[in-house]
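The values are calculated or read from the model by the stated rules, or taken from the named source; none is laboratory data. Worth saying up front: this structure is predicted, and the values here are computed from it rather than measured. Cβ placement follows ideal geometry from the backbone for every residue including glycine, while neighbour counts extend to all protein chains displayed. These area figures cover heavy atoms from the full protein model, side chains too; ligands, DNA and RNA do not enter into them. Shrake-Rupley method; radii C 1.70, N 1.55, O 1.52, S 1.80 Å.
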Amino acid sequence: LVGARFERHGYTRFTTSIVNRDHEIMQGLTPFSSYDESYMHARHNPDKIVLERRSNESGNTSDPAGEPYTWVRTHGSGRVFYTAWGHNYRTWDHPDFQRLLARGIRWACKQPVEPSSAFKPELAVAAAAIDVATPSMTKPTFDEKKFTFKDV
């Protein structure tokens with residue numbers, strides 16, 4: 001469903017290259033650099049559209065042209081947006097990552113993709129900070145058996 005399977009990763013600073021500038025998600029975006037997990041994938045679906053690649057200089061790749069790092073595909077009438085970016089605050093705090101993620105989510109939800117220049121991260125965060133009722137928790141019972149495991 002996603003378009004590939006996680007194989008392994010390293011951890012380093014790298015920059016992805018945009019390989020499909022014409023896709024509406026990528027229009028107006030620029031490559032960015034961050035310390036992040038350098039994912040390598042396996043069992044790639046051939047029907048995905050690769051938007052970004054990570055070079056083999058930043059770790060092993062499954063493709064000599066560079067590791068597919070951000071892509072889209074359709075599944076039935078649904079849309080799938082995937083990016084391997086985003087494993088820590090260094091990436092999450094980057095406005096270009098926030099733009100990529102917001103645009104990818106809007107595309108997957110079949111919503112208009114705003115021009116990258118119109119995206120204001122601080123407004124997106126404020127819009128998401130809505131009051132949410134705290135769910136009631138199930139009270140623990142004391143008659144449950146103690147957790148045990150068997151090493152096999």
- Hey, Arg5 more than 29 Å from Ala118 (Cβ to Cβ), out of contact with any Asp or Glu (no Cβ under 8 Å at 6 or more places or on another chain) and not hydroxyl-bearing (Ser, Thr, Tyr) or not: yes
- Item | Qualifying positions in region 23-63 - of a type in the set (Val, Ile, Thr) and open to solvent by 20 Å² or more (accessible area, probe 1.4 Å) | Thr30, Ile49, Val50, Thr61
- Where residues in region 64-88 are part of a loop (DSSP other than H, G, I, E, B) and open to solvent by 50 Å² or more (accessible area, probe 1.4 Å), which of them is nearest to Leu101 (Cα to Cα)? His87
